[in-house]
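These notes concern the structure reproduced below.
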Amino acid sequence: RRSSSIARIRTCGAPPVWPPRAAMLPGGGGRYVPMPGGAPVPAWMQQGQQPNGGGAGPIGFAGHRSPGMQPALAAPSLTTPRLRSNSFIGMGGCLSGPLAPPGHQQYQIQQQVGMSGRFDGQPVQQVGQTRVVSAVRPNADPRSYEDAEISHEARNIWVRIAGDEGETMSRLQLIRALMEDRTVAAFVLPGIDGSNLMENDDAYEAAHHLFNDISRGKQRVRFQDFLKNFQSSKASVSKASELRAIFERLDCNKDNRISRHELLSAVKRDRVLFDLFLRGVEAADDMDDEALSGAVDDIYKAIAGDWKHFDFADFIAYFRTISRVEGCGLHQPIDRRSRRVLIIGPGFGTQLNPMQTQVVMQSGFQIFWVHNVPNPEETEFRMLPHVSKIRDSIDQIRPDLVMCGSKGGAYGVALWQMGYWRGPTLLINAHPSCTELPYDVPIIMTHGDQDPVYPRPREELETLINTGSRNMCFLYYSSTSGTLASGHTPRVGDQHNMASLIHFETLPRLMESVLCPEGPELHFMRTWTERLTQQRQEAENRLGYTPQKLRQFWVSTQTRAAQDSNDFLQDVPRGSQEFHWVSTVFRHGAKDVSTYGYSKEKWERCGLIRIQRIENASQDEGGTAPYYNSLRHSFECMGIEFIPGVHTRWLFHGSSAIDSIVSNPIQGFQPLASGTAGEAVWGRGTYFARDAGYVASGPFCGVPARDGTRRMLMCLVTTGMSCAGSPHHNGILPVRQPPHRFNSSVDSLSSPEIFVVQHPGAAYPAYMITFVS
């Protein structure tokens with residue numbers, strides 16, 4: 001079939017001639033709209049203005065619903081199997097696979113999929129804690145602004161495919177546009193390189209599935225069918241809002257296009273843009289003007305080719321090619337008040353787990369419920385008639401996030417497979433019908449290892465989460481620790497009703513994370529730092545989070561080999577800023593109550609006798625710095641940003657062998673020989689605590705000196721990406737993204753108090769603190 005398609009492409013005549021850039025005018029969202037024969041441009045089309053006077057349309061193929069809403073992209077196939085699915089809608093609209101009920105090979109569904117109704121813009125009615133959408137008026141059109149944006153964006157891409165005079169589009173035209181126009185490929189099939197369509201089986205099949213989605217069995221597609229497909233789908237574009245913000249920082253002339261000179265000037269004057277575009281360029285900070293101009297010129301060619309300007313479509317296509325925007329410094333918190341969350345009622349536990357419902361209702365999001373669907377696990381249940389009701393609610397409410405729990409997860413899986421929802425999704429409990437995740441969809445899945453209803457091995461869930469798009473899926477796993485010699489188990493994993501979600505605002509933080517453009521896992525790890533007290537956060541920021549920052553207070557220039565630990569120690573003067581910052585980190589922990597029971601109030605009144613700075617240059621240069629740099633490189637390969645303060649942390653360590661740790665010339669910590677004091681309840685490795693009070697409350701600091709004092713280390717630890725710990729970890733952590741493994745483990749993903757590292761260079765003992773409890 002591919003060979004015949006190639007022959008047809010080669011013999012079908014000359015490709016359509018696209019209008020030159022000079023004849024294209026800026027449209028909504030930075031696109032260019034070809035105007036045949038010099039025809040005048042409608043007023044609403046100029047500069048992306050909409051009928052109601054709105055500004056430039058947001059980013060994405062079908063545009064945003066609201067700030068931060070993910071734009072629509074391709075829906076899964078309704079006539080052929082999707083690439084990443086174990087269930088699919090077959091010919092004639094029949095469902096097969098694990099969602100088909102027992103004893104039924106297939107059953108019919110409505111052929112027409114799309115927006116069956118419109119939200120009328122009226123306020124919702126409050127019924128207790130449930131928000132119900134008002135009745136829909138068929139003629140109401142309160143979202144004409146959004147629809148104009150979507151229509152405008154779709155029209156721009158349509159012209160690139162079918163030409164400005166084209167009324168219909170064939171399969172061949174779509175495939176040819178994907179091969180020849182990277183902007184079409186970037187928006188229609190994000191993450192797939194259309195230039196090698198005929199050499200890549202997955203890309204080739206995805207293109208044909210996309211046409212099947214739109215055509216519904218027809219030979220040619222009209223624009224309205226093309227538009228409807230992308231209106232009814234809610235797939236995400238990672239980093240979309242941040243890309244728009246970056247583009248606007250470049251566009252000083254506000255003409256929706258960037259010249260070579262504009263790019264060079266912006267990189268010179270704006271440090272954020274300098275770091276963004278020149279990240280990875282060797283010795284970028286030491287470049288002279290000529291070298292800098294050459295480096296920027298290479299970047300410009302990669303974005304614009306031979307054109308004199310590039311527009312926003314070219315810009316976002318370029319960043320899709322390099323996977324993500326790194327280091328742009330535009331991370332912003334999610335505004336919960338503006339985000340709509342649709343919760344599927346069955347299985348969420350409004351009666352059996354009222355605390356979970358209360359946490360969600362008090363989270364600050366706009367909450368909507370779907371209660372008019374039955375339990376999908378009933379005998380002889382027919383899925384499709386009921387999932388269509390959820391689709392109607394999605395079309396009416398246009399949520400930013402869909403949530404489901406327990407048995408409601410079957411509805412979530414069905415929404416993905418039928419193309420009714422392709423946006424951020426949060427699944428509480430991993431439903432058995434979920435065996436593979438959809439492409440390019442942000443997903444958080446939560447599960448506990450004590451779940452008696454859906455007992456699924458952790459290895460199976462880790463494999464499942466890796467079937468989704470990289471850096472867009474996150475497994476929140478609650479695990480049980482090992483048992484101490486006393487017979488006590490410090491932590492027990494969640495059961496079916498996940499208790500950890502209702503503490504420390506965990507569930508609302510997960511809801512925020514799956515909505516964040518930088519990826520759910522990275523954003524959720526950011527929230528760990530936010531659980532610290534404000535005093536500690538400020539003190540840590542002053543001390544810094546990098547090996548380079550460690551030396552800001554160093555006074556020694558020692559080059560000779562040290563004989564003992566005293567050769568590396570320098571007293572930190574009382575009254576100095578450094579002493580104040582270290583003592584603040586030492587005394588203050590998190591805002592959350594400790595799981596391990598020590599008294600934070602008593603600890604803050606402990607006696608701090610002495611703080612000594614450890615200046616072991618050989619250990620820093622031979623162990624800590626190389627590991628830090630290797631981890632940064634690993635992060636670049638995984639396509640995620642390495643963030644000091646998120647992937648490095650100030651932690652505490654107690655040991656009876658402090659002197660040998662301090663004086664070791666290369667590696668002070670020996671992870672494979674560690675873990676005996678803590679009974680290795682979370683596996684093999686070197687254990688560090690978030691709170692100094694926890695270290696002091698146990699036997700970790702050894703026997704007190706004659707004067708009653710004890711010592712512990714305050715360390716800068718490169719934790720990287722962390723997973724839930726397990727007593728079965730024997731020094732090798734699970735794979736996060738092949739071939740890269742997690743870099744550390746924690747006792748709890750909700751609000752971790754214990755970190756375990758397996759590499760000797762992961763931690764540097766920065767300060768030795770002498771104290772009296």
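The values are calculated or read from the model by the stated rules, or taken from the named source; none is laboratory data. These numbers were taken from a predicted model, which means no experiment stands behind them. So basically every Cβ, Gly included, is an ideal-geometry build from the backbone, and we count neighbours across all protein chains shown. We work out accessible area using only protein heavy atoms, side chains counted, and drop any ligands, DNA or RNA first. Shrake-Rupley method; radii C 1.70, N 1.55, O 1.52, S 1.80 Å.
Listing for the model above:
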{"item": "Complete set of residues in the range 381-402 that are of a type in the set (Asp, Glu) and more than 26 Å from residue 510 (Cβ to Cβ)", "result": "392"}
{"item": "Identity of the residue in the range 565-612, among the basic types (Lys, Arg) and under 20 Å from residue 651 (Cα atoms), that ends up modelled with the highest pLDDT", "result": "610"}
{"item": "Residue pairs meeting the criteria (Cβ under 6 Å; at least 6 apart or on separate chains; first free of Cβ contacts under 8 Å to residues at least 40 places away in the same chain and assigned to a loop (DSSP other than H, G, I, E, B), in the range 423-448; second open to solvent by less than 10 Å² (accessible area, probe 1.4 Å) and of a type outside the set (Lys, Arg))", "result": "430/445; 430/447; 430/461; 431/409; 431/410; 434/413"}
{"item": "In the range 455-475, the residues that are touching a helix residue (DSSP H, G or I) at 6+ places or on another chain (Cβ under 8 Å) and crowded, with 17+ Cβ neighbours inside 10 Å", "result": "471, 472, 473, 474, 475"}
{"item": "Qualifying positions in the range 509-537 - out of contact with any His (no Cβ under 7 Å at 6 or more places or on another chain) and outside any helix (DSSP H, G or I)", "result": "517, 519, 531, 532"}
{"item": "Matching residues in the range 381-418 - criterion: being within 23 Å of the chain's Cα centre (by Cα), assigned to a loop (DSSP other than H, G, I, E, B) and surrounded by fewer than 24 Cβ atoms within 10 Å (Cβ to Cβ)", "result": "398"}
{"item": "Residue check for residue 426: within 18 Å of the chain's Cα centre (by Cα) and surrounded by fewer than 24 Cβ atoms within 10 Å (Cβ to Cβ)", "result": "no"}
{"item": "Per-region count, the range 676-706, residues more than 27 Å from residue 620 (Cα to Cα) and free of Cβ contacts under 8 Å to residues at least 40 places away in the same chain", "result": "4"}
{"item": "Filter pass, residue 609 being of a type in the set (A, V, I, L, M), in contact (Cβ under 8 Å) with a residue 60 or more places away in the chain and buried (at least 18 other Cβ atoms within 10 Å of the Cβ)", "result": "no"}
{"item": "Residues of the range 715-742 that turn out to be out of contact with any Ser or Thr (no Cβ under 8 Å at 6 or more places or on another chain) and within 21 Å of residue 446 (Cβ to Cβ), as a count", "result": "5"}
{"item": "Unique residue being at pLDDT below 90, in contact with a helix residue (DSSP H, G or I) (Cβ under 7 Å, 6 or more places away or on another chain) and hydrophobic (A, V, I, L, M, F, W, C) when the list is 562, 539", "result": "562"}
{"item": "Residue list for the range 595-639, restricted to those being within 23 Å of residue 545 (Cβ to Cβ) and of a type in the set (S, T, N, Q)", "result": "612, 616, 618, 619, 624, 629, 630, 634"}
{"item": "Within the range 485-502, tally of residues that are open to solvent by 50 Å² or more (accessible area, probe 1.4 Å) and touching a residue at least 60 places away in the same chain (Cβ under 8 Å)", "result": "2"}
{"item": "Residue check, residue 618 touching a Cys at 6+ places or on another chain (Cβ under 8 Å) and not in a strand (DSSP E or B)", "result": "no"}
{"item": "Hits in the range 630-673 - residues which are modelled with pLDDT under 85, buried (at least 22 other Cβ atoms within 10 Å of the Cβ) and of a type in the set (Gly, Ala, Ser)", "result": "668"}
{"item": "Test: residue in the range 500-513 that is over 27 Å from residue 638 (Cβ atoms) and in contact with a Gly (Cβ under 7 Å, 6 or more places away or on another chain)", "result": "no"}
{"item": "Subset of the range 430-451 [at pLDDT below 95 and in contact with a His (Cβ under 9 Å, 6 or more places away or on another chain)]", "result": "430"}
{"item": "Single match in 486, 481, 469 (criterion: within 15 Å of residue 424 (Cβ to Cβ) and in a loop (DSSP other than H, G, I, E, B))", "result": "469"}
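Let's see how each residue does on (1) within 21 Å of residue 697 (Cβ to Cβ); (2) free of Cβ contacts under 8 Å to residues at least 12 places away in the same chain; (3) of a type in the set (D, E, K, R):
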position: 512; (1), (2), (3): no, no, yes
position: 521; (1), (2), (3): no, no, yes
position: 532; (1), (2), (3): yes, no, no
position: 541; (1), (2), (3): no, no, no
position: 555; (1), (2), (3): no, no, no
position: 594; (1), (2), (3): yes, no, no
position: 600; (1), (2), (3): yes, no, yes
position: 613; (1), (2), (3): no, no, yes
